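K.L.:
Mind having a look at this structure? Questions to follow.
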Amino acid sequence: WYWQKEKREPYVKFMEANYPPGFSYEDFGPLFTAEFFDPDQWADILKASGAKYVVLTSKHHEGFTLWGSKYSWNWNAVDVGPKRDLVAELATSVRNRTDLHFGLYHSLFEWFNPLFLEDATNVFKTRRFPTSKSLPELYEIVTKYQPEIIWSDGNGNAPDTYWNSTGFLAWLYNDSPVRDTVVTNDRWGVGSICTHGGFYTCSDRYNPGHLLPHKWENCMTIDKRSWGYRRNAQLDDYLTVEELVKQLVETVSCGGNLLVNIGPTHDGRIAVIFEERLRQMGAWLEVNGEAIYGTKPWRAQNDTVTPEVWYTFSPKEGKVNAIFLTWPVSGTLELGEPQAKPGETQVKLIGYKELLKWVALGEKGIVIALPHLTPKQLPCQWGWTLQLTDVN
């Protein structure tokens, strides 16, 4: 897009300097080799991250499908490049080795598809592209791979009527093989985003910082500048694990899910920096998972007195979780939101055995004495959870 359509100078110059004259985007097809792609290894990394679902990009805006689609002749991973059905391989490994829900991302439109461009010229009065390419592909991936999430994207500035989104969704939820388990997002045509959908995505890297009345997802990237793999990325282009934990905690406290994007390499690897970040997230969730999984937003999302404190609520146990991202120098943590009950309220640091001492502050608020721990004794390294039982 930057090279062919917007003709941005750095991209045009890079192609001229590093590729033979007349090299086209299609010529990248055979260079996408995936020779190191090991779906079992991917599944193990995904499991170790503590994630509960995974969404694979089955086709992006340039139309190349990662499965051997009947509707993408000679422009798919079975005919060109890897000569493998990458969707099938990952689906099988994820289902055999983990309990993650398997989902698929699919782009409705394609930047340079002549049928789409023709429909666009006709102001979408004709529907050659969705009827011959986009919709048949959607029916194909649902029937063939039975994904539990359909993550639609790329409306191409066309309305949902052009895409026949409601027709497809009616089939998906009533008659498809995944009708009882499937979940969908909100990107089904102009005007549907943040308005219609099982969960809202609203925009990329969406993090409102306050509670939303509808289930939503913060879809963001570990590489701050890209959704793909960049060979020229610098270390500070990647979010640190502290920044990722902060994103997770803020998102969950406001009623959202976190969808963390990583870009694999053309030869099929998850780069070690991404693997490390995912495993670090998993290590954090191993300790603090009960403050994340199965929780609901509490009456307050973050604390009014101490910054960088976010709340979640565990309805089964009736516990309020206060996740604090900075360990106070004073050794005491003041929370402005919880109303403690003398003699009843209990405060626990997840991953530490003893109950903690606390003092109530008038009507509302509590001061908690944190244990004196060496770095080795800390339950984890980046953000900690206090569990409060019997608070108003």
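K.L.:
Say we join alpha carbon atoms closer than 10 Å with springs in a Gaussian network model of the chain; which of 310, 75, 171 then has the biggest fluctuation?
P.N.:
It is 171.
K.L.:
Regarding the stretch 68-173, what are the three Cα extents along the principal axes, ordered largest first, in Å?
P.N.:
48, 33, 18
K.L.:
Give the distance, in whole Å, between the Cα centre of the stretch 144-209 and the Cα centre of the stretch 1-41.
P.N.:
A separation of 30 Å, based on Cα centres.
K.L.:
Express the relative contact order of the stretch 296-389 as a whole percentage, based on alpha carbon pairs under 8 Å and six or more residues apart in sequence.
P.N.:
Numbers: 180 pairs, mean separation 28.5, N = 94.
In percent, rounded to a whole number, it is 30.
K.L.:
State, as an integer percentage, the relative contact order of the chain based on alpha-carbon contacts under 8 Å between residues 6 or more apart. Present the calculation step by step, with values, prior to reporting the outcome.
P.N.:
Numbers: 700 pairs, mean separation 45.4, N = 392.
The value is 12 percent.
K.L.:
Shifting gears a bit: When DSSP assigns beta bridges and you keep just the ones with both residues in the chain, what percent turn out antiparallel, to the nearest 5? Numbers along the way, then the final one.
P.N.:
On the way: 29 of 51 bridges.
Around 55 percent of the beta bridges assigned by DSSP in the chain are antiparallel ones.
K.L.:
When the chain is treated as a GNM, springs tying every alpha-carbon pair under 10 Å, which of 102, 112, 129 comes out with the largest mean-square fluctuation?
P.N.:
The residue with the greatest mean-square fluctuation here is 112.
K.L.:
I would also like to ask the following. For residue 52, go through the lysines and keep the ones whose alpha-carbon is under 25 Å away, minus same-chain ones fewer than eight residues off.
P.N.:
Straight-distance partners of residue 52: 144, 215, 224, 246, 296, 316, 319.
K.L.:
Give the aspartates and glutamates reachable from residue 59 as a straight Cα distance under 16 Å; neighbours fewer than 8 places away on the same chain don't count.
P.N.:
Result set, ordered by chain and number: 26, 79, 85, 89, 110, 137, 140, 153.
K.L.:
Okay, next question. Residue by residue, what Karplus-based ³J(HN,Hα) values in Hz, rounded to whole numbers, does the stretch 118-129 have, using 6.51, -1.76 and 1.60 with θ = phi - 60° and x for Gly and Pro?
P.N.:
5, 4, 5, 4, 7, 6, 6, 6, 9, 9, 5, 5
K.L.:
Can you give me the angle between helix 39-48 and the longest principal axis of the chain, using Cα atoms only, in degrees from 0 to 90, rounded to the nearest 10?
P.N.:
With rounding to tens, the tilt is 20 degrees.
K.L.:
Let me ask something else about it. Which residue fluctuates most in the GNM of the chain (Cα springs below 10 Å): 70, 296, 376?
P.N.:
Comparing 70, 296, 376 in the GNM, the peak value goes to 376.
K.L.:
Let me ask something else about it. With everything on Cα atoms, drop me the angle between helix 135-145 and the longest principal axis of the chain, reported from 0 to 90° to the nearest 10.
P.N.:
60 degrees
K.L.:
What's the angle, to the nearest 10 degrees (0 to 90), between helix 241-253's Cα axis and the longest principal axis of the chain?
P.N.:
Helix 241-253 sits roughly 80 degrees off the main axis of the chain.
K.L.:
If you don't mind, there's one more thing I want to ask. Along each of its three principal axes, how wide is the spread of alpha-carbon positions in the stretch 9-291, in whole angstrom units, largest first?
P.N.:
Here the spans come out as 54, 48, 39 Å, largest first.
K.L.:
Sort by residue number and name the cysteines in the chain that have no neighbouring cysteine Cβ under 4.7 Å.
P.N.:
That list is 219, 254, 380.
K.L.:
May I pose another question? Excluding residues on the same chain fewer than 8 positions from residue 125, give the lysines whose Cα lies under 22 Å from its Cα.
P.N.:
By straight Cα distance, residue 125 reaches 133.
FYI, it's all coordinate maths here, none of it is from the lab. None of these values were measured; they are calculated from a predicted model. So basically every Cβ, Gly included, is an ideal-geometry build from the backbone, and we count neighbours across all protein chains shown.
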